[in-house]
1. Looking at the chain, what % of its DSSP beta bridges pair antiparallel, to the nearest 5?
2. About its Cα centre, how strong a charge dipole does the chain have in debye, to the nearest 20, once Lys and Arg get +1 and Asp and Glu get -1 at the Cβ?
3. Between GLN170 and ALA63, what is the spin-label point distance in nm, taking each point 7 Å from the Cα along the Cα→C-beta axis?
4. According to the Kirkwood expression over distinct Cα-Cα pairs, how big is the hydrodynamic radius of the stretch 440-527, in Å?
5. Using only C-alpha atoms and all pairs of different ones, pull out the Kirkwood radius for the stretch 445-589 in Å with one decimal.
6. Ignoring ligands, DNA and RNA, what accessible area per residue does the stretch 595-724 give at 1.4 Å, in Å²?
7. For the stretch 4-106, build the convex hull from the C-alpha positions and give me its volume per residue in Å³.
8. What dipole magnitude, in Debye to the nearest 20, does the stretch 405-469 give about its Cα centre under +1 on Lys/Arg Cβ and -1 on Asp/Glu Cβ?
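The values are calculated or read from the model by the stated rules, or taken from the named source; none is laboratory data. Not measured: the values here are computed from a predicted model. Heads up, the Cβs are rebuilt from the backbone with ideal geometry, glycines too, and the neighbour counts pull from every protein chain shown. For the accessible areas, the whole protein counts, side chains as well, though only heavy atoms, and no ligand, DNA or RNA atoms are used. Shrake-Rupley method; radii C 1.70, N 1.55, O 1.52, S 1.80 Å.
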Amino acid sequence: MTKTLAVAVPGPFLAPLDYLPPSDSPQPPIGSRVRVPLGRREVIGIVTAERDQSTINESRLRAVTRVIDEAPLLPTSLMSLIAWAARYYHHPIGEAYATALPARLRQGQPAVPGEQTYWRITTTGREQSADAWQKRAPRQAMLLQALKDNDALAAGDLAGLGGDARGALQRLVERGFAEAIKRSDYGTIQAETTAPAPVLNDAQATTAARIMPGEGHQAILLEGVTGSGKTEVYLDAIARATEMGLQSLVIVPEIGLTPQLLSRFRRRLNARIAVLHSGLADGERLNAWLAAAHGRADVIIGTRSAVFVPLARPGLMIVDEEHDASLKQQEGFRYSARDLAVLRAHRAEVPVVLGSATPALETLANAAQKRYLHCQLNERAGNARPPSMQLLDMRGQPTQEGLSQPLITRVGEHLEADGQVLLFLNRRGFAPVIICHECGWLAECERCDARYTYHRGRRRLHCHHCDSERRIPDACPQCGSVDLRPLGLGTERIEAALEAAFPETPLVRIDRDTTRRRGGFEQQMAAAVRGDARLLLGTQMLAKGHHLPAVTLVAIIDADQGLFGADFRAAERLAQLVVQVAGRAGRAERPGEVVIQTHHPEHPLLQTLIHGGYPAFARTALLEREAAGLPPSRAMALLRAEAVQREAPMRFLRAASRIAPQYRGLECLGPYPAPMEKRAGRFRAQLMLQADERAVLQTMLEAWVPQLQPLREARAVRWSIDVDPTETL
Ligand code: ADP
Ligand code: ZN
Ligand code: ZN
């Protein structure tokens, strides 16, 4: 009997397919890439196992046509993590591998590092003052500073700088301030000089002592208020891992991987650091991946998919801002990088640290059940004092475009006292709706169950769900009236109101529109941090992660949009956002103040948050989830379906529900149309599964999911499974 090879190939196959070994070339080892025929095409797959026999008749088996890697590309430990993830999330195995591999390797290119360009500062450049260049060429000034701070910049580092960073760099080269060098290596950069670490305070030292690379697995929740010095604790543990010759994997949310953070890590660690994020060119991504796999990087900092990077000598895993929604992939392979990092650390027998000022309720529940060690940093590091929070009752208040009179007064006082003010509104554009004042007609997107957002700057209506745009009509298409009015608030509108109220005060608005148009989130953030702008206005881009030491007042312009969200996590998200935004204030010597505008000041969520902070909120929210039988007290999965034809998703889901295996303690709810049924021209519906036990849910899905594709009704829809969904919309 011939041996067969199990090969994970791209396509909708939940398990690897069987192939015969190649007839001529040497046998491919497990974990290597091979070319195999699939239908009429040839594809690249990964050998996942050797089998003594196949369930398929040998005459029908096809053979591997070419072996790409003579040595395994992936270690078996990583392969079993990928296989576990594919099974747990019920996603095709080949696509799980595709997520784990850099594009170059998916395309069959050799697994060797390629040549890479770096930029370095020259002696002349080092003599330049970045401040002096600030007025004339702000982007060049920023790059100059970045070059001074880092021994070299790779193209991948420029991604976060936004705008035409490459053009600006070219001009620095022309001026003789910077030079390009090419090196054929792994693309890790090690700073030549390291900055001294601060002496950890007692709370930090106690926590750091519990993170013990080289001493086995331990999952640690590091709950620390913003500015409490969590990053210093990470750096301490990473430095110890590096000294022991062990690698550290640091996973951060997309928005958190900033040049600021990278410089801080590079300056502080005597380590070779590789970076993995979506902005990298394919060659850079491959280099960083190989650096991790071959043990040429000591620290790997990356976004979500970095959880799948091979590590030669794993020693420590860190997930920063572990509550952040971007750690869960929201399409295709819907894995949670946080949960996989914990599993991976467990299997690799290394410590894992989940850090946040506002931990996810799941994580808090795990800590309460003693699965994770719960460490807390309750005080801000240095001398910074926590901000005071208060609610501003909007009922009956006269407002100026969403700003209440008391708020305007408060802003004025802080500006007067030389403070910096941050205003937060999580909605870009001028107004979320445009309405006819005569007949009540609303401008609605034709492709979505949603209203168009009015963008005054661009003079367009824009749908934030499908990205479609149209002109603003001259008159109401229903009654012909020309009295069309914007309704509700967006950042553009607040900007206009602030400019009217404080015409002399420099203001910077940071949202997806301004960072695209005016070039560069980082550049604007730099202006914000330096304090050039006294008024900072923005969406959650502004809210996350950045140190804004001069901010003395934070205003949350509209808390109400989060209070009544359709998703069961809406309250959790609102609380996290409020606390994160509040955390921007008063980081340095100045105490901060936070005001929250709301029409529902008596709302229990807001009351608990104001008086008890996030921990009190989380306790209440966990009790509510338990009472409602929602995660984390129960396990959840969604079967989603969408189609151009309205009835098709519901028909498919009803058929799926009919064949759903029954288990005690497991319920199948629905199907029901999604809260926003139509999006981008497709109708969406879902079926919700809830179970007392995660294992029961998994058993059920294992029996059920393979039966879905063969359903006749499946042909008319696109469907997907979402295990542990983080949004149910
Ligand atoms: P977090 O990650 O919790 O937001 P950081 O680690 O970024 O906090 O620390 C906030 C600020 O406090 C930083 O400027 C940091 O350099 C400083 N800091 C942290 N720990 C200490 C310490 N032990 N002594 C002095 N300064 C510290
Ligand atoms: Zn009208
Ligand atoms: Zn739309």
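1. On the way: 64 of 116 bridges.
Around 55 percent antiparallel, to the nearest 5.
2. Details: 88 positive and 80 negative charges, 313 e Å.
Dipole about the Cα centre, nearest 20: 1500 debye.
3. Roughly 5.2 nm, to one decimal.
4. Details: mean 1/r = 0.0668 Å⁻¹.
When all Cα pairs of the stretch 440-527 are included, the Kirkwood radius is 15.0 Å.
5. Values: mean 1/r = 0.0576 Å⁻¹.
For the stretch 445-589, the Kirkwood estimate is 17.4 Å.
6. About 47 Å² of surface per residue is accessible.
7. Working: hull volume 10.4 nm³, N = 103.
In the stretch 4-106, the Cα hull volume divided by residue count equals 101 Å³.
8. 180
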